[in-house]
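Remarks on the structure that follows.
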Amino acid sequence: MGIKDALPLYEAFESNVKKEIPDTRIKVQKTQISFYNRHLFTCVSFIKVRKKKDCPSSYIVITFGLNRRLDSPRIDAATEPYPNRWTHHVLVSDVNEIDDELMQWGGEAAVFSNRK
């Protein structure tokens, strides 16, 4: 997987986040790019959420937190690190996957993190 190949995926996601949640701050780190309002609400990384043989050649992983566990085939992994705080990981390999549903989850994550 080439990181350059994943850049259009990231750019599409960032553009949608900025449009939907205008006051977002972005922090680029070594292993992830984080999106904040008062607190971190989503991030983009290459975290391993599937076996290598099940991963497309180019992808990003979008991670967000909610107060509930989502039940969707799009969720590659979900954990509850704290009571009533669920972390979800979604592997995205096509810009069409950055759709209304994914952005709704991101918006919900922004509202949830802003309440902390």
Query raised in the report: If you scan region 26-60, which residues turn out to be in a strand (DSSP E or B) and out of contact with any helix residue (DSSP H, G or I) (no Cβ under 9 Å at 6 or more places or on another chain)?
Result: 27, 28, 32, 34, 43, 45
Report task. Among the residues of region 15-30, count how many are modelled with pLDDT of 95 or more and either touching a Phe, Trp or Tyr at 6+ places or on another chain (Cβ under 8 Å) or crowded, with 17+ Cβ neighbours inside 10 Å (or both). Result -> 6
Report summary line: Of (1) modelled with pLDDT of 95 or more; (2) of a type outside the set (Phe, Trp, Tyr); (3) crowded, with 19+ Cβ neighbours inside 10 Å, residue 79 fails just (3)
Report task. Check region 62-78 and report whether any residue there is farther than 19 Å from residue 17 by Cα, part of a strand (DSSP E or B), in contact with a Leu (Cβ under 8 Å, 6 or more places away or on another chain) and in contact (Cβ under 8 Å) with a residue 12 or more places away in the chain. Result -> no
Requested in this report: State all residues of region 14-25 that are out of contact with any helix residue (DSSP H, G or I) (no Cβ under 8 Å at 6 or more places or on another chain) and not acidic (Asp, Glu); if no residue qualifies, say none.
Outcome: 15, 18, 19, 22, 25
Query raised in the report: Would you say residue 34 is without any contact (Cβ under 8 Å) to a residue 60 or more places away in the chain, within 26 Å of residue 115 (Cα to Cα) and in contact with a Leu (Cβ under 8 Å, 6 or more places away or on another chain)?
Result: yes
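The values are calculated or read from the model by the stated rules, or taken from the named source; none is laboratory data. These figures come from a predicted structure and were not determined experimentally. Backbone-built Cβ (ideal geometry, glycine too); neighbour counts: all protein chains shown.
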